[in-house]
Protein chains: 2
Amino acid sequence: MIRVGIVGYGTIGKRIADAVSKQDDMEVVGVFKTRPNFEAWSAIKRGYPLYVPEDRFADFEKNGIPVKGSLKDLLSVSDIVVDATPNKVGKENKKMYVERKIKAIFQGGEKADVADVSFNALANYEEAIGKSYVRVVSCNTTGLVRVLYLLDRDYGVRSVRGTIVRRGADPKEVKKGPLNSIVLDPPHIPSHHAEDVKTILRHIDIVTVAVAVPTTLMHVHILNIRLRSKVSKEDVVKSLESTPRILLVNSGFTGIKSTSEIIEVARDIGRSRYDIYENVVWEDTLAVDGDEVFIVQGVQQEAIVVPENIDAIRAVSGVETSGRRSMMKTDKVLRIGEWPWSKLLLV
Amino acid sequence: MIRVGIVGYGTIGKRIADAVSKQDDMEVVGVFKTRPNFEAWSAIKRGYPLYVPEDRFADFEKNGIPVKGSLKDLLSVSDIVVDATPNKVGKENKKMYVERKIKAIFQGGEKADVADVSFNALANYEEAIGKSYVRVVSCNTTGLVRVLYLLDRDYGVRSVRGTIVRRGADPKEVKKGPLNSIVLDPPHIPSHHAEDVKTILRHIDIVTVAVAVPTTLMHVHILNIRLRSKVSKEDVVKSLESTPRILLVNSGFTGIKSTSEIIEVARDIGRSRYDIYENVVWEDTLAVDGDEVFIVQGVQQEAIVVPENIDAIRAVSGVETSGRRSMMKTDKVLRIGEWPWSKLLLV
């Protein structure tokens, strides 16, 4: 059993903790959290030993939240740390991980140079095997890399011009906006997403523009892709269908044409926290003309990187040398690909 | 086993179906649905036999959705129908229920005269025992009746002046607003909620004003209540704590001061579809001065009436003559009252 410590128990950290605890080859030995809020209560309820800053023991215990120890204590019982702290805190924390010779998985909010390799399970699992520091790229980058990797593998990608319509804030972020605006986010070209894709798919010609809008549920990507050869729509659909973590949705027979409706299905089928780990690609919006492809896809910012973190843990620990086998294992446990109208995508 | 047919499988109907299927004294014999959309897929996935209008069999089957029969077929295998169709369709459907001598539970979107009695489990379970037609009042009315019933029972309510801040649309309602406005909904006083409360608590002096705002998660009620006697805050807290389906939330030690954060907890603890069946009362916003009480509470419009429907089924069928016993049974199965910081409220 790989003993995993989760440092940072917010939107991403709590999901990774739950996903780790469902696997049979790893376990959560504890979570580290700085604030005594409702998520600390939920951690206790789920049975995760709670580690907090030494100078805040009293704050937690005064609220009736039992504390197990400090960050040092958590590191001393962990084989691997998943650092899901806010942007740039991971880089600070890394000093401690290096000092204590403990392996760590960072998130996409950190710069690429925090780690030995930027990671996507489909695209470059093998590069991360046995490494000490790995960075799972961000939600948007994960969504882009999955679909671009498979198109590049199957047909060769000549160029990508993409628009990223970002959710303005996560559901729990009550102080963040925009509330009534479309924000150029960032106000320059390319957005960092294009650069981040190249930390994994180094040779791809990609430019992205991003705007943020007043919604909390999912991002949407509108991608215009030039391939190196002519293809049919059937070819592209086949490539997408046969790839794990891609969900095709046909609005014609499901009626789903929005992020809120796909979330409604996730609620209906009992997905934990309505999490969607898959790229949600609208099949009837997919258009192919010669070597030109249009893809519109949804990416749930809270969940899409969760399976990637599980695979990264396996790669770093060296227990599994095949990315495909790790993904199959992860996906089976998280029931990825199981939608009312679809069969399991992985075979 | 009470054989329950669900007519109308949308926001409310699908939740009632799931709640019925979890009880040990009733079962879902089928659901009736008019449109072949993603909710039809989810019904099939959950194993509910699907009944559809006779002239639409082909529409469903063309989309690969297996159909069991027509509405008449569903009625012929049901002891009781729960009608969760859109407003005013229930009244039309009632003719058929009367003709076939089948008992029915209607929802708050219908006018009170559709039924023999308007229903809230806490306030008037006993009135519904053995009746043929019962109407479970709407989400807002349910939230109001629960808290006003208990205050009236314990201290006597002299008057209620309430503001209802309504969610603009349900999460899946992509075509409904408001998107950037505060709408007087309705633009007259009182709003119908006050009148609706009186269908159950006939003697209460209540005036409500309602506005709709751009959010999908929950309603919030701000209630100013005059009691018949002076009380302390501790008294009121004790009354609330000892009443089923009331959840007290302390923002001081949970950090929760918004509807989105309470929904986040529901996601974290694994509530199906993040459903909240309880009135969510902010304990530290509760203020008492002599005979005057301020209560601020959240009401999740999709879920709060679900346990009431289960109790209504038991009352109408006559299998349970105690409202309290029915509520205890319902609440145990739906895990109502189980929050990270609370014990089960019912003892």
Alpha carbon centroid spacing (whole Å) that separates the stretch A:200-238 from the stretch B:278-307: 46 Å
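Based on alpha-carbon positions alone, could you give the equivalent ellipsoid semi-axes of the stretch A:139-299 from the gyration tensor, as √(5λ), descending, whole Å?
Details: eigenvalues 127, 85, 34 Å².
Square roots of five times the eigenvalues give 25, 21, 13 Å.
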Accessible area per residue, Å², chain A with all protein chains present, probe 1.4 Å: 38 Å²
With eigenvalues of the C-alpha gyration tensor scaled by 5 and rooted, the protein assembly as shown, Å: 45, 32, 22
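With the convex hull built on the Cα atoms of the stretch A:32-128, state its orientation-averaged projected area in nm².
Numbers: hull surface 28.6 nm².
Averaged projected hull area, Cα only: 7.2 nm².
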Residue-by-residue Karplus 3J(HN,Hα) for the stretch A:139-148, coefficients 6.51, -1.76, 1.60, Hz, glycine and proline x: 4, 5, 5, 4, x, 5, 5, 4, 6, 6
Pseudo-label separations to other copies for A:GLY290 - Cα-to-Cβ vector, 7 Å, nm: 8.3
Other-chain or far-sequence residues with amide H under 5 Å of B:MET26's (modelled H): B:ILE2
Relative contact order computed over the stretch A:56-149 (Cα-Cα under 8 Å; 6+ residues apart), in percent: 22 percent
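Just tell me how shielded B:33-40 is by partners: mean number of partner chain Cβ atoms within 10 Å of each residue's Cβ, no decimals.
Details: counts 0, 0, 1, 3, 7, 15, 7, 4.
The mean count of partner-chain Cβ atoms within 10 Å per residue comes to 5.
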Calculated label separations, A:VAL319, copies of the chain, 7 Å along the beta-carbon direction, nm: 4.5
Where Rh is the Kirkwood radius over Cα pairs, Rg/Rh for the stretch B:192-243: 1.03
Shielding by partners, peptide A:258-269 (average Cβ within 10 angstrom, other chains): 6
B from A by rotation - nearest chain A beta carbon to the axis, in Å: A:ASN180, 3
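Using Cα pairs under 8 angstrom and six or more residues apart, how large is the relative contact order of chain B, in percent?
17 percent
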Label spacing, shortest first and in nm, from B:LYS233 to its equivalents in the remaining copies (7 angstrom along Cα→Cβ): 6.3
Percent carbon-and-sulfur accessible area, the protein assembly as shown, ignoring ligands, DNA and RNA, probe 1.4 Å: 52 percent
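What is the average number of partner chain Cβ atoms found within 10 Å of a Cβ in B:41-49?
Counting Cβ atoms of other protein chains within 10 Å of each residue's Cβ and averaging gives 4.
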Residue-wise HN-Hα coupling along the stretch B:178-186, computed from phi with Karplus coefficients 6.51, -1.76, 1.60 (Hz; x: Gly, Pro): x, 9, 8, 6, 10, 9, 5, 9, x
Amide H partners (placed H, <5 Å) of B:SER191, local residues excluded: B:THR208, B:VAL209, B:ALA210
Protection-proxy order for peptides B:14-20, B:60-66, each taking the mean of Cβ atoms within 10 Å per residue, highest first: B:14-20, B:60-66
Formal net charge of residues neighbouring A:GLY168 (Cβ-Cβ distance under 10 Å; K, R +1; D, E -1): 0
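Is the shape of chain B rounded, prolate or oblate, going by the alpha carbon gyration tensor and its root eigenvalues a ≥ b ≥ c, with a/c under 1.5 for rounded and a/b larger than b/c for prolate?
Working: a/c = 1.70, a/b = 1.55, b/c = 1.10.
Prolate.
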Placed amide H near A:PHE32: partners under 5 Å, 5+ positions off or other chain: A:ILE6, A:VAL7, A:GLY8, A:TYR51
For the stretch B:6-21, Karplus couplings with θ = phi - 60° (6.51, -1.76, 1.60), whole Hz, Gly/Pro x: 9, 9, x, 10, x, 3, 7, x, 5, 6, 5, 4, 5, 5, 4, 5
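Around A:ILE16, what is the net charge, scoring Lys/Arg as +1 and Asp/Glu as -1 over all other residues with Cβ under 12 Å from its Cβ? Before the final figure, lay out the partial values.
On the way: positive: A:LYS14, A:ARG15, A:LYS22; negative: A:ASP18, A:ASP83, A:ASP275, A:GLU302, A:GLU308, A:ASP311.
Within the 12 Å Cβ shell, the charges total -3.
Rounded to the nearest 20 debye, what is the charge dipole size of the stretch A:11-146 about its Cα centre when +1 sits on each Lys and Arg Cβ and -1 on each Asp and Glu Cβ? If you can, show how the numbers build up before the last one.
Working: 22 positive and 19 negative charges, 62 e Å.
The calculation lands at about 300 debye.
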Area accessible to solvent at A:TYR9, 1.4 Å probe radius, in Å²: 10 Å²
When each of A:LYS176/B:LYS329; A:LYS62/A:LYS172; B:LYS131/B:LYS176; A:LYS101/A:LYS176; A:LYS62/A:LYS101; A:LYS101/A:LYS332 is checked by Cα-Cα distance, pairs over 30 Å: A:LYS176/B:LYS329; B:LYS131/B:LYS176; A:LYS101/A:LYS176; A:LYS62/A:LYS101; A:LYS101/A:LYS332
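What relative contact order, as a whole-number percentage, does the stretch B:139-299 give when Cα pairs under 8 Å and 6 or more residues apart are counted?
Details: 299 pairs, mean separation 44.9, N = 161.
RCO, the stretch B:139-299: 28 percent.
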Lys/Arg +1, Asp/Glu -1 at C-beta; chain B dipole; positive extreme among B:TYR274, B:LEU74, B:PHE294: B:LEU74
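Between A and B, buried accessible area summed over both sides at probe 1.4 Å, in Å² to the nearest 100?
Values: alone 14920 and 14920 Å², together 26630 Å².
Summing both chains' loss of accessible area gives about 3200 Å².
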Farthest positive-ward along the stretch B:139-299 dipole, Cα basis, beta-carbon charges - from B:THR254, B:ASN180, B:LEU148: B:ASN180
Heavy atoms of B:PHE253 accessible to a 1.4 Å probe, total area in Å² rounded to 10: 60 Å²
Net charge contributed by nearby residues that have their C-beta within less than 14 Å of A:LYS111 (K/R +1, D/E -1): -2
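The values are calculated or read from the model by the stated rules, or taken from the named source; none is laboratory data. Bear in mind the structure is a predicted one, so any value in this text is a computation, not a measurement. No Cβ is skipped: glycine too gets one built from the backbone with ideal geometry, and neighbour counts run over all protein chains shown. SASA here: full protein model, heavy atoms, side chains in, ligands and nucleic acids out. Shrake-Rupley method; radii C 1.70, N 1.55, O 1.52, S 1.80 Å.
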